Amino acid sequence: MRSLVVCVVFFSLHMMSFGQDIMIKDSVNQLKEVVLIDSLKAKQATGITPSQVIDIKNFQNFSPVEMVSSLNQIPGVYVLSGALNTNRITIRGVGARTPYGTDKLRLYYNDIPITNGTGFSTIEAYDLENMNSIEVIKGPKGTAFGANLGGAIVLNPKEALQQTTTLSNNFTVGSYGLLKNSLGFTHSDDRLALELHYGHMTLEGYRENNRFERDGILLNTSYTINTKNKIAFLLNHVDYNAQIASSISQDAFEEDPTQAAFTWKAAKGYEANKYTLAGISLTHAFNPKLSNTTSLFYTYLDHYEPRPFNILDEFTNGYGFRTRFLGDFKIRDHLTQYSFGAELYKDEYNWSTYENLYETNTEEGSIKGDLLSDNKEFRTQFNAFGTLTFPLADFFSAQLGLNINKTFYDFRDLYKSGAENTSGNRRFGTIFSPSLNLRYSFYPKQEVYMNISRGFSNPSLEETLTPDGIINPDISQETGTNYEVGCDLFLVNNNLKINVALYRMSIKNLLVAQRIGEDEFIGKNAGSTKHQGIELMLDYNLQLTSQFKLTPFMSYSYSNHKFVDFIDGDNDYSGNPLTGVPKHRLNTGLQLQWRNGFYWNTTHQYVGSIPLTDANTLSSDSFNLWHTRLGYKKQLSEKLRIGIDFGINNFTDTHYAQSVLINAVGFGGSDPRYFYPGNDRNFYGSLLLKYSL
């Protein structure tokens, strides 16, 4: 706290001494005008809730495939990526102990919740080229977005610019057999806005048994009925098939990182997914001071995954609604803002497992055998929320928020009967998550803020059931309290943006998924953790000449996360660093832009070592990654625009682990498999054609 105050006082005195005219700006105002407008429209956090937005300017640092690299530019956010279909998003260390996938945060697509009934999110089902921006709310302060301990991520699809009709195609080729094509049609007039995109991608992959193929279609449209009403429809469908190389041991990682895990290669393991999201929403303005947006949505996932230990066949039907009211009123000429609403998500999850007879199917891969289990689970999550933002003075404002959550699981065993039937249900207690935000603005609109908020995380499916398939009655929800202070400063005629945040979050009833077999986990509440750290983000626009602009940027995360009280059997890990989290992360970069259309972006990422075991007996190595991208954009005529770019990922050819498993266990005498190797040096190039109709 003291260091933050010193930072703020220093910069405020510096600014006053030079008498510079600081304009009121949002956190993304350093971007070009058209990008700025889109980013501001995309911001969903209401009131004075701090959040960070990345958009097309940030996406342009990497290839059109690299959503993970774009997210990793945000301090406090780290995505461990085993493959295009295997991502684990952690925010301030929350979610780092999840064995596979992303949980403990809420994921939204254009304000529609897309996190499933047990809290898992699948960001890999979405195409970066269809995104206009991504907003991240770190920690449980996002009252209107679930108040999860990890926070919330809001994906915003592209929207057509006013009074335009365009047809575009971006074609990308690259290493490992990369072939990606994105075809888009957009139209916007006084009433109708429409975005239609079709994308196809194939990638053979860096490793064995690593092929990925995806087809997807996105329709995002809205129609303004009159001055008070607007209706919108969203459809996103993705069909992808991804082979699974899985993790490998340390010896294999060092000797030949391209190899797949032996059993996964023998079984030719893969996953096939068909995912659909459909939503319709109505926005109604009751008057200039009160509006409402209500959405109805449906999601469907069909997932088939042959694995060495069994074959998983599952499908999920989900549906729900979300409504949010936004309004304001004046008290003594001071504007007071409020929001309130509710969100209901229900899904029906059906899953079966079968024997995998790949060992008898010589070199032909997986083949389905006898049924092993047949299950169904009904899952319900309900959130009610509200915020009130009011001024305490001309330069000082406060925001009170409250989120109320109720979660219910109903498990049905459809395979066993009689006394062996393990059906049951679990109704968790109501969780109340209050929050308080304070914001102080000075000279003018230089800001410091403070947040105190409470949040929670629900157990995953594996944690709610014992290995025998019985509802675990001893599991409870994680809860935690977040304390955060920060500042947003615009300096040097608004060309330098500085964001600093200091936080501390204490989590109780820590959920631990302990692995006891190849596909067997048991969940338990094993203690408490303390998450504390510092986050810094700098962005500077330097106009060297009328023809040339230079934009250096940097983000840094210091994560001092520890077990406070963690006893696992006879082992006491209290005081050890939290498993799965690097203490230091640094991202730097330089964007060069010429007025004639040329640009050259280079980025660097440093990731510190990651503890791999709770006892801290093994850690991954730290690494540095360098990426570069050179491009040219030109308006060839009034109607036709062209773009060409070429990029190199990992141009220093660093050997590194892009993702790790914690507390890995070897079975059948094999070594534990901790590591997912990252790609070696690879190349890509794109050609964009955009025609205005």
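The values are calculated or read from the model by the stated rules, or taken from the named source; none is laboratory data. As the structure is a prediction and not an experimental result, all values here were calculated from the model. All Cβ positions, glycine included, derive from the backbone under ideal geometry; neighbour counts span all protein chains shown. The accessibility values were calculated without ligands, DNA or RNA, using every heavy atom of the protein model including side chains. Shrake-Rupley method; radii C 1.70, N 1.55, O 1.52, S 1.80 Å.
Using a Förster radius of 22 Å, what is the FRET efficiency between residue 622 and residue 571 based on their Cβ-Cβ separation? Nearest 0.05, please. Efficiency, rounded to the nearest 0.05: 0.25.
Could you sort 546, 352 by accessible area so the largest value comes first, with the probe set to 1.4 Å? Intermediate results must be reported in sequence, preceding the final value.
On the way: 546 85, 352 15 Å².
Reading off the accessible areas and sorting them downward yields 546, 352.
Within the same chain, lysines fewer than 8 places from residue 524 are excluded, and of the rest, those with a Cα less than 17 Å from its Cα are 104, 508. Phi-derived couplings, Karplus 6.51 cos²θ - 1.76 cosθ + 1.60 at θ = phi - 60°, listed residue by residue for region 301-306: 10, 10, 10, 10, 9, x Hz, with x used for Gly and Pro.
Among the listed pairs 376/530; 289/445; 330/497; 138/289; 180/230, a Cα-Cα separation exceeding 27 Å is found for 376/530; 330/497; 138/289; 180/230.
Counting DSSP beta bridges with both partners in region 98-178, what percentage is antiparallel, nearest 5? Show your work: numbers first, answer last.
Details: 11 of 15 bridges.
Percentage antiparallel, nearest 5: 75.
Residue ranking by accessible heavy-atom surface, 1.4 Å probe, largest first, among 595, 439 comes out as 595, 439. Put simply, the amide H of residue 620, placed in the peptide plane, has neighbours under 5 Å in 610, 612, leaving out anything fewer than 5 places away on its chain.
Specify which labelled value, from [x] 0.95; [y] 1.01; [z] 0.99, agrees with Rg/Rh (Cα atoms, Kirkwood Rh) derived from the coordinates of the model shown. Computed from the coordinates, Rg/Rh (Cα atoms, Kirkwood Rh) corresponds to [x].
Using 0.36 nm per residue, how much length does the chain from residue 665 to residue 228 gain when fully extended, once their Cα-Cα distance is taken away?
Details: separation 437, 0.36 × 437 = 157.32 nm, distance 5.93 nm.
Extending this stretch completely gives an extra 151.4 nm.
Computed FRET efficiency, Cβ-Cβ of residue 687 and residue 331, R0 45 Å: what is it to the nearest 0.05? Given R0 = 45 Å and the Cβ-Cβ separation, E is 0.20.
How large is the helix-only mean residue ellipticity at 222 nm for the chain, computed as the sum of -39500 (n - 2.57) over DSSP H runs with n ≥ 4, divided by its residue count, in deg cm²/dmol to the nearest 500? After summing the helix terms and dividing by residue count, I get -2000 deg cm²/dmol. Given a 1.4 Å probe and the protein chains as shown, residue 277 ends up with an accessible area of around 0 Å². Taken one residue at a time, the phi angles of region 258-268 give Karplus couplings (6.51, -1.76, 1.60, θ = phi - 60°) of 7, 6, 8, 4, 4, 5, 5, 5, 5, 7, 6 Hz. Gly and Pro are set to x. Of the residues 311, 648, the one with the largest accessible area comes first in the ranking 648, 311, computed with a 1.4 Å probe on protein heavy atoms. Packing order of peptides 445-457, 293-305, highest average first: 445-457, 293-305 (average count of other Cβ atoms within 10 Å over each peptide's residues).
Ligands, DNA and RNA left out, the accessible area of the chain computed with a 1.4 Å probe is 57% carbon and sulfur. Straight-line reach from residue 583: taking Cα to Cα under 17 Å and skipping same-chain neighbours fewer than 8 places apart, the aspartates and glutamates in range are 535, 614, 621. A protection proxy built from the mean count of other Cβ atoms within 10 Å ranks the segments 101-107, 478-484, 235-241, most packed first, as 101-107, 478-484, 235-241.
For a quick protection proxy, order the peptides 360-372, 154-166, 75-87 by their average other-Cβ count within 10 Å, most packed first. Don't skip to the answer; put the middle values down first.
Working: 360-372: 12.8, 154-166: 17.5, 75-87: 22.2.
Result, highest mean Cβ count within 10 Å first: 75-87, 154-166, 360-372.
Here region 315-341 and region 604-649 have alpha carbon centers that stand 37 Å from each other.
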